[in-house]
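Working notes, beginning with the structure itself.
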Amino acid sequence: MKIVQLRKYKDQDWQSLTQYQELKNPLVMVFGNRFELEAPKIHKGIKSIFPNGEIVYGSTSGNITTHAIDDECITLTAIEFEKSTFEIRTINLNETELNSYNAGVELVNRLPKENLKFIFIISEGSFVNGSDLTKGMNFAVDNNVLITGGLCGDDNRFERTLASYNENPKDGEIVAIGFYGDTLDVSSSIEAGWKPFGPERIVTKSKGNILYELDSKPALDLYKKYLGEKSKELPAAALYYPLGVKIEEDDQSYVRTILNINEEYNAMIFAGDVPLNSKVQLMMSSVDSLIRASSQAANIALESKINKTQLALIVSCIGRKLLLDQRIIEELEEVKEVIGNDVFVSGFHSYGEIAPFNDENMCQLHNQTFVLTLISE
């Protein structure tokens, strides 16, 4: 596996973050600030660097590379596989009448199934129902195929997100990268580092990812009461206090982030479903707990690896980034200390993270969570 990483700030030339290598038909993953990805000639410029590359784009709330976490720029990771192969398929929610669930089914079905080992998802993140998307993908995929990835970000603006494959980034796009090969060795893990506090409440009125009532009272009013003065900063302030959601028929608890609020209906719009009759609690964390979670994720992912890791893909939530602030680099440093400083790292800060719970097969939508995928061939 050969890997090249580049970085570009506005009105500057590309900087090489690794030793330059000639690559044949590489997978090129381009993550960046939404404003930078809106440049009219963005794809033409990157295609001139990698004319034989298969280029995938995703807007982010922060870019993760081997040695840094960057904002207000574009980062590029180009990968040439020695033994494995990959296929890329897309679906656009603005160009189809399919809902998020059926889009997930259709997207996975577009990938060749023979010898498929792993799918990495880069999804539109501003209006997709991530819970339904993952359910649809689970329906269509074989149980032994790992799916990880995330919802694209837009810093903390929450205006629009962009993604694409071999064209300028655009709204509504969901990209699936399928990885194939007998020698492909992939493992993943997730950790959150959040703890519940306060009373447990019952969801008494909700529809999909919109929460209206808790204990038969307006949900937004209760949330504002707990936030106090910070409620004036909603929805951004909600990133510091997500909800833990426990579904009756599920053994796991989900962390859910508020993407927006509706004052007229006293409602909160989440990145994933908040089912009727589920139990919820407010959650909180500390910087040290979040950093420790990334280290724990690295140790868990490493346990099931057979070969030495060559590439690590990280998807971490914007809420974690905001809380960690200037210590965000420690999240990356903790992982590298576990998996090795010679391992290449690529990823982004997202509006939602996609991966199975540890020791499970089916992918789920997570929020405020650190997702790590380790790859070798």
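The values are calculated or read from the model by the stated rules, or taken from the named source; none is laboratory data. Predicted model only: the values in this text are computed from it and were never measured. Every residue, glycine among them, receives a Cβ derived from its backbone with ideal geometry; neighbour counts consider all protein chains shown. SASA here: full protein model, heavy atoms, side chains in, ligands and nucleic acids out. Shrake-Rupley method; radii C 1.70, N 1.55, O 1.52, S 1.80 Å.
Carbon and sulfur: what percent of the chain's accessible surface (1.4 Å probe)?
45 percent
Per residue of region 5-18, in order, report the coupling 6.51 cos²θ - 1.76 cosθ + 1.60 (Karplus, θ = phi - 60°) as ³J(HN,Hα) in whole Hz, putting x for Gly and Pro.
Here the 3J(HN,Hα) series is 10, 10, 9, 9, 9, 3, 6, 10, 7, 5, 9, 7, 9, 9 Hz.
Classify region 48-163: rounded, prolate or oblate, from the alpha-carbon gyration tensor (a ≥ b ≥ c, eigenvalue square roots; a/c under 1.5 rounded; otherwise prolate if a/b is larger than b/c)?
Verdict is oblate for region 48-163.
Return the single residue from 323, 311, 222 with maximal mean-square fluctuation; model: Gaussian network over the chain, springs between Cα atoms under 10 Å.
Among 323, 311, 222, the largest GNM mean-square fluctuation belongs to 222.
Divide by every residue of the chain the summed helix terms, -39500 (n - 2.57) for each DSSP H run of at least 4, and state the resulting mean residue ellipticity at 222 nm, rounded to the nearest 500 deg cm²/dmol.
Value at 222 nm, helices only: -6000 deg cm²/dmol.
By its C-alpha gyration tensor, with a ≥ b ≥ c as the square roots of the eigenvalues, how is region 40-89 shaped: rounded for a/c under 1.5, else prolate for a/b larger than b/c, else oblate?
Oblate shape, in that a/c is at least 1.5 and b/c is the bigger or equal ratio.
Over all alpha-carbon pairs of region 289-377, lay out the pair-distance distribution in 10 Å bins, whole %, shortest bin first.
Pairs per bin, as whole percents: 17, 54, 28, 2.
Quote the relative contact order of region 32-101 in percent (integer), defining contacts as alpha-carbon pairs under 8 Å separated by 6+ residues.
33 percent
About the Cα centre of the chain, how large is the charge dipole given +1 on each Lys and Arg Cβ and -1 on each Asp and Glu Cβ? Please answer in debye to the nearest 20.
The calculation lands at about 320 debye.
If you take every residue apart from residue 94 with its C-beta less than 10 Å away from the C-beta of residue 94, what net charge results, scoring Lys and Arg +1 and Asp and Glu -1?
Here the count lands on -3.
Along each principal axis of its Cα atoms, how long is region 199-331 end to end? Whole angstroms, biggest number first, please.
53, 36, 23
Restricting to bridges with both residues inside region 280-377, how much of the DSSP beta-bridge set is antiparallel, in percent to the nearest 5?
60 percent
For Cα pairs less than 8 Å apart in space and 6+ apart in sequence, what is the mean separation divided by the residue count of region 172-303, i.e. the relative contact order in percent?
For region 172-303, the relative contact order is 35 percent.
Provide the net charge surrounding residue 139, with neighbours chosen by a C-beta distance below 15 Å and charges set as Lys +1, Arg +1, Asp -1, Glu -1.
Within the 15 Å Cβ shell, the charges total 0.
For region 127-244, just say rounded, prolate or oblate: build the C-alpha gyration tensor, square-root its eigenvalues into a ≥ b ≥ c, call rounded for a/c under 1.5, and beyond that prolate if a/b exceeds b/c, oblate if not.
Prolate, since a/c reaches 1.5 and a/b exceeds b/c.
Let me know the whole percent of all Cα-Cα pairs from the chain that are separated by more than 35 Å.
19 percent
Quick check for you: with a 1.4 Å probe and neighbouring chains kept, what is the accessible area per residue of region 184-272, in Å²?
Per-residue value: 49 Å².
How large is the accessible surface per residue of region 85-160, computed with a 1.4 Å probe and reported in Å² as a whole number?
Accessible area per residue, region 85-160: 41 Å².
Accessible area per residue, 1.4 Å probe, Å², for region 5-61: what's the number?
For region 5-61, the solvent-accessible area averages 52 Å² per residue.
In percent, what relative contact order does region 264-377 have, based on Cα pairs under 8 Å that are 6 or more apart in sequence?
Computed over region 264-377, the figure is 36 percent.
If you wrap a convex hull around the C-alpha atoms of region 1-113 and split its volume per residue, what is the figure in Å³?
132 Å³
Tally Lys/Arg at +1 and Asp/Glu at -1 over every other residue whose Cβ is under 13 Å from the Cβ of residue 157; what's the total?
Result for the local shell: -4.
If amide H atoms are built 1.01 Å from N in the plane of the peptide, which residues on other chains or at least 5 residues away come under 5 Å of the amide H of residue 17?
Those lying under 5 Å, H to H, from residue 17 are 5, 6, 7.
Run the reach check for residue 232 against lysines, Cα to Cα strictly under 27 Å, same-chain hits fewer than 8 apart removed. What comes back?
195, 205, 207, 217, 224, 279, 321
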